[in-house]
Amino acid sequence: MDTKLVKIDELQSVLSNENETISRIQQFMQPFALGVTLKNYSQIKQKGYSLTEVLIWLCTIQAMGLSIYQATRQEFSNLILCGEKCVYYRLLENQRINWRGLYRRILLKYYEIVKSKGEELEKGTIRCFIIDDTLIEKTGKFIEGVTKVYDHVTHKSVLGLKMLVLGYWDGLNFLGVDFTVHHELGKNNKGGLTTKEQRQQHTKVREKDSCTAQRKKELDESKIDAAIKMLKRADKLGLFVDYVLTDSWFTCIELIKVVRTMLKGTVHFLGMVVMNRHKFEYNGKLYTTSGLIALLERKSSHYSRKFKCRYIDVLVHYQGVEFRLFLIKYGTKGKFRAVLTTNVKLNFIEMMDIYKIRWSIEVFFKECKQYLKLGKYQSTNFDGQIASLTITMITHTVLTLEKRFSAYQTMGELFRDTQKLLLELTLWERLNIVIIELINFLMDLCEIDIDELMERIINNEQYEKQYNVMPMALMSIKQQNTYKQAV
């Protein structure tokens, strides 16, 4: 069986058959000591199996790239915990499990393990919370809460849900921290479905104050309100954060003010802004972004050789908050884009280097969908949808820990002096090297701004072969070095 673990978070281990795959995945999970970490759930059992046992096997099945149905078929059933599908489905739809709290324990255990290893990041390493959403496409109209939702990549409405994720870039790796699931009912409150289709959707009676009932309520919340709640919960986790990064959809004064209260006011906001939606105060007068461009483009614009663009850098105020606003244009015919930050000391190069970290969440979405079956669970029960998405995040976290210390520490120690030039690269750095020449060429030739270009690349499956060249090169070099040392 050709597993796809090699492509997850730069994981380089090639697992050659089913037995080895299962053994390696379970080995990866051992540091988390799930029996102790999840001891509050020790009373939950399915047909005599503990929650921890079933959870480990759910992650194993997912990491193998299988569905529960595929894993419980005859050719695989002898390899897994139990060949009965109901053991797994019943756990996923168990109302007693607080999946948000369960994942939080695993996330904190991850950083407890990292701390115990004595890992130290370079001074000045930027750490960020990143907020973005992704489409979870569905095929069944009977799935609880499903509606037509807008896909900003294809610019069409498709059947599904939106998963809003708060992620954390710790300087080396990206991890999911929290998520909510939303639908889009639209003006007629039908979500693109007929009245008959709405009535036929699965319904379930839940205890009023149960965790599952609260997750169901989040379906109808605005994404801004949900993002604010996630930030407030994340603020209590004790993670070090310098910035919160968003795209233009989530840039609003309500969220920004919450960001500025985090970690006693030490966290800054950095995000894109929709052109001409807001009026900013500059020299005592109010201007739209277009008004500022007309006023300042000739006398105050600069050119960046590094990013091959022109930009305007200006201090403005909006609703009592001071911002540094960057107005950026690629090529002579390109359109201006706006980025603002609450860190008024940030210069343009620093801002661009920090903001590009936001693309780590796009890579996270792509890899989880392609290799961990994110959102592929088709149960009509909404509780099962939440559980399945959580299992994906747990699996990704487990694989990230394995990669962090099988390469970033072992190989990183060996190549410390040449880490940036050799191949012990972070996820973002690897992506940068593969596409840097393409960016430099297309910026001038096609006059496409960086966000538009990056989105096209991330969502272009034909580019994946080039995207995966680097991990294969890493593996080859590692094998060569191992051989030389043996000789």
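The values are calculated or read from the model by the stated rules, or taken from the named source; none is laboratory data. The structure displayed is predicted, hence computed values, not measured ones. Here Cβ is always computed from backbone atoms with ideal geometry, including for glycine, and neighbour counts include all displayed protein chains.
Scanning for something at pLDDT 85 or above, of a type in the set (Val, Ile, Thr) and in a loop (DSSP other than H, G, I, E, B), does segment 341-357 turn up at least one residue? There is at least one residue in segment 341-357 that is at pLDDT 85 or above, of a type in the set (Val, Ile, Thr) and in a loop (DSSP other than H, G, I, E, B).
Conditions tested, residue by residue: (1) modelled with pLDDT of 95 or more; (2) farther than 18 Å from residue 149 by Cβ.
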residue	(1), (2)
187	no, no
190	no, no
205	no, yes
208	no, yes
227	yes, no
233	yes, yes
265	no, yes
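With a requirement of 3 or more residues that are surrounded by 15 or more Cβ atoms within 10 Å (Cβ to Cβ) and not polar (S, T, N, Q), the helices (runs of 4 or more DSSP H) lying completely within segment 61-175 that satisfy it span 85-92, 99-116. Picking from residues in segment 224-252 that are surrounded by fewer than 18 Cβ atoms within 10 Å (Cβ to Cβ) and touching a Phe, Trp or Tyr at 6+ places or on another chain (Cβ under 7 Å), the one that is nearest to residue 321 (Cα to Cα) is 224.
Results for (1) assigned to a loop (DSSP other than H, G, I, E, B); (2) at pLDDT below 80, shown as yes or no for each residue.
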{"residue": "2", "(1), (2)": "yes, yes"}
{"residue": "10", "(1), (2)": "yes, yes"}
{"residue": "15", "(1), (2)": "yes, yes"}
{"residue": "28", "(1), (2)": "no, yes"}
{"residue": "40", "(1), (2)": "no, yes"}
{"residue": "55", "(1), (2)": "no, no"}
{"residue": "58", "(1), (2)": "no, no"}
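Considering only segment 196-213, I want to know if a residue exists there that is of a type in the set (Gly, Ala, Ser), crowded, with 19+ Cβ neighbours inside 10 Å and at negative phi. No, every residue in segment 196-213 fails to be of a type in the set (Gly, Ala, Ser), crowded, with 19+ Cβ neighbours inside 10 Å and at negative phi.
In this structure, residue 141 does not satisfy being modelled with pLDDT of 95 or more and either basic (Lys, Arg) or touching a Cys at 6+ places or on another chain (Cβ under 7 Å) (or both). Which of the residues belonging to segment 356-400 are farther than 20 Å from residue 164 by Cβ and either of a type in the set (Ser, Thr, Tyr) or in contact with a Pro (Cβ under 7 Å, 6 or more places away or on another chain) (or both)? Scanning segment 356-400 gives 371, 379, 380, 400.
Scanning segment 384-404 for residues that are hydrophobic (A, V, I, L, M, F, W, C) and more than 13 Å from residue 60 (Cα to Cα), which turns out modelled with the lowest pLDDT? Here the residue is 401.
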